[in-house]
Amino acid sequence: METRTDEQSFTELYRQHHKAVTNYVLRRTSADEVADVVSEVFLTVWRRLDEIPTAKELPWLYGVARRTLANTHRAQQRRDTLAEMLATQPQRDAEDCAETVVVDLSLARAFDALSDTDKEVLRLTVWEELTARQAALVLGCTAATFHVRLHRARARLRKNLADTSLGHARPIHYTNLGGADA
C-alpha cells in the first residue's frame, strides 16, 4: 500500500480548491489583495495539513480564508488609523544644522588646543557641573585659585576659538563655559 506524502496531499488540495478559495476571497476584498490573502490561506494549509478534517476540506479552507481576511482588514485599519494620526501631527521643518556643526567643530578644535590643566578646569565646571568650591577640592587648591584658573582657561579657549574661527556669521556664545560659583 502506497502512502501519500504531505507534498502530494497539499498539491491535490491546492488543485481541487484553489479556484473556490480565490473566488471566496475575491468576493470579500479588493482585487489587489486577493493573491496575498490566498497565498496566506494556503500557507496555513501547509502548516496545518494534519488538522484538515477529511471530507470537509472546503469549509475548513473558507474558515481559514475568513480569519485571514479579518486579519488583513484589521491590519489595514491600523495602517489607516496611523496614517490619519500622522496627518494630524504638526509639520516640522528640518533645520539646517550645518552651521551648528561648524561651530561645534570649531569649539572642539579650540578645546583640544588647550593644555590638560585648562581642559580639566573647564570639564569640572561644564561637564561635571561642579561649583568653584567643589572643583577646587578636586584639584587640591583654594576656591580663589580655581576662579583664577577658570578665568584663564576661558580666556585661552576664547582666543583659540578666535584663531580657529571660520568667519561665522553667528557669534559663538560662551555662557556654558562654566561659571558656577559658590
If you check Thr22 against the conditions, is it in a helix (DSSP H, G or I) and under 26 Å from the mean Cα position of the chain (by Cα)?
no
If we keep only residues of region 25-57 that are over 39 Å from the mean Cα position of the chain (by Cα) and among the β-branched types (Val, Ile, Thr), then the residue nearest to Ala70 (Cα to Cα) is Ile52
Met85 meets each of (1) of a type outside the set (Val, Ile, Thr); (2) more than 17 Å from Arg154 (Cα to Cα); (3) modelled with pLDDT under 85 with one exception, condition (3)
The one condition His17 fails out of (1) modelled with pLDDT under 90; (2) in a helix (DSSP H, G or I) is (1)
How many residues of region 35-52 are part of a helix (DSSP H, G or I), in contact with a Phe, Trp or Tyr (Cβ under 7 Å, 6 or more places away or on another chain) and closer than 18 Å to Tyr24 by Cβ? The answer is 2
Taking region 58-108 and keeping residues among the β-branched types (Val, Ile, Thr), within 29 Å of the chain's Cα centre (by Cα) and either loosely packed, with under 14 Cβ neighbours inside 10 Å or closer than 21 Å to Val37 by Cα (or both) leaves Thr72, Thr81, Thr88, Thr100, Val101
Turns out the helices (runs of 4 or more DSSP H) fully within region 110-172 with at least 3 residues that are closer than 26 Å to Ala98 by Cα and at pLDDT 90 or above are 143-164
Note on Cys97: of the conditions (1) at pLDDT below 90; (2) within 30 Å of Thr22 (Cα to Cα), unmet is (2)
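The values are calculated or read from the model by the stated rules, or taken from the named source; none is laboratory data. Fair warning: this is a prediction, and the values are worked out from it, not measured in the lab. Here Cβ is always computed from backbone atoms with ideal geometry, including for glycine, and neighbour counts include all displayed protein chains.
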